[in-house]
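Derivation of every value follows stated rules applied to the coordinates shown; laboratory data play no part. As the structure is a prediction and not an experimental result, all values here were calculated from the model. As a convention, Cβ positions derive from the backbone with ideal geometry for all residues, glycine included, and neighbour counts pool all protein chains shown.
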Amino acid sequence: MAPATAHVDPARWPDVARVPDTSAARATIARLVVRRALAALPLRVAYGSGAPAGGSGPLLTLRDPEAFFRRIGADGLIGFGESYMAGEWHTDDLVGVLTVLAANVADLVPRSLQRLRGAWARRHPAADRNTLDGAKDNIHRHYDLSNDLFALFLDETMTYSSAIFDRPRHDWTTLADAQHRKIDRLLDLAGVTAGTRLLEIGTGWGELALRAAERGATVLTVTLSREQRLLAMRRIERAGYADRVTVELRDYREVRGTFDAVVSVEMIEAVGEEYWPVYFDALDRLTAPGGRVAIQAITMPHDRMVATRNTYTWIHKYIFPGGILPSVEAIGRLTAHTRLRISGDQGFGTHYARTLALWRERFTSRAAEVAALGFDGTFRRMWEFYLAYSEAGFAAGYLDVRQILFTKTDATAGGTR
């Protein structure tokens, strides 16, 4: 499934063409639970060639109901995503279907059965832990797929995070400006001006570092993606800022020195809950007295984070291994033991839904070009599902994205460090 030019181990991509062996009992339970759940939702559902059931909402067609139920019986919601990848269910409104599911996620499984979650929900593989080596591998599996792939659906800024729009109506022509608006707001929060010593954790393809250099800042930006680093360095050199921006292939835990400001855009999601304290300790250690830290973070409600923190999901298996989304409450508790204090917090989740819609539309419209890079139909359906799944999470309000400002004080809650 992975192209020959991508730096990915093909063995990591399972063959979804094969329906998993599932016991009759598990398949029967899955059929009963799923049919009951779908019947209670504002969806129309067609089983095989049968007429759609349900009164309103987007139409979900199960082309192969038996395979669909067997996959869910074997792997729960992982099987739901794999069934889409395999073409066993279809809809003309993927975002609509997934938004309905996201808005009702807490009620999809009867409460009497939720106590049995541990019996079917998979645990995170030990290999996905974000150790120094594990983090490199996890980042490699997503961000090193192909710079050309990302360029097909991102705008010319090559920014892979939520934009901030200045008007309700938007289209592809407004996306680059909206990305710059997001970046500039974050740099403003961090107080980045001429002469600022800035650390960026998570380079992406270099646009934030470029905007900071334009302000006269000196930037050290670190990444674990070799492909991103190569392109970011080329972009920085072409812009004439190689003397102000240094791009290192380095883990945030290995950075030394102090900086006037630290910024990080949608990188905390890849840290892993086990390493959140290490991450915030590093931000504290790397920030000079009186300095600022500004991060952009995707968050989820605290109760959902607690309920799902140990569950291995479709997103973990196929898109972001080792990742977990924090809650605002979790971030507050973690920073209480550092010298970092939250002094600004603004959410804009609906803007992420708009950003993802533009990426998804661009990705699907350029399917032939994606295929020309060597990515097959199963991969393309996987990424269509990923982009729609993410868009639905923000559209339903299940997910949010926030810019959070921390200022560094002289003392922790427990006294001077």
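Summary value for segment 261-404: 32 percent relative contact order, contacts being C-alpha pairs under 8 angstrom separated by 6+ residues.
For residue 408, the aspartates and glutamates whose Cα falls under 15 Å of its own Cα, not counting residues fewer than eight places away in the same chain, are 260, 281, 284. Only Cα pairs under 8 Å and 6+ residues apart enter the sum, and on that basis the relative contact order of segment 126-416 stands at 21 percent. Within the straight-line cut-off of under 25 Å between alpha carbons, the lysines reachable from residue 317 are 136, sequence neighbours fewer than 8 places apart in one chain being disregarded. Here the label points at residue 309 and residue 242, each 7 Å from Cα along the C-beta direction, are separated by 4.6 nm in the simple model.
Distance between the modelled labels on residue 350 and residue 278, one decimal in nanometres: 3.9 nm (7 Å Cα→Cβ projection). Taking a Cβ cut-off of under 10 Å around residue 226, the surrounding Lys, Arg, Asp and Glu residues balance to a net charge of 0, with basic ones at +1 and acidic ones at -1. Here is how the number arises for the chain: DSSP H runs of 4 or more residues each give -39500 (n - 2.57), the sum is divided by the residue count, and the result at 222 nm is -13000 deg cm²/dmol.
Shown here for segment 37-88: trypsin sites (Lys or Arg not before Pro) in loop regions (DSSP other than H, G, I, E, B) with at most 16 other Cβ atoms within 10 Å, namely 63. Say R0 is 25 Å: what FRET efficiency, to the nearest 0.05, do residue 129 and residue 302 get from their beta-carbon distance? According to the calculation, E is roughly 0.65. Above 33 angstrom, tally the Cα pairs of the chain and express them as a % of all pairs, no decimals. Tail fraction, whole percent: 34. The relative contact order of segment 199-338, computed from alpha carbon pairs under 8 Å that lie at least 6 residues apart in sequence, is 22 percent.
Taking label positions 7 Å along the Cα-Cβ direction at both residue 177 and residue 56, the computed distance is 3.6 nm, reported to one decimal.
Please state the shape class of segment 203-264: rounded when a/c is under 1.5, otherwise prolate if a/b exceeds b/c and oblate if not, all from the C-alpha gyration tensor. Oblate is the answer for segment 203-264, as a/c is 1.5 or above yet b/c matches or exceeds a/b.
Counting only Cβ charges, +1 for Lys and Arg and -1 for Asp and Glu, the dipole size of segment 126-416 around its Cα centre is about 220 debye.
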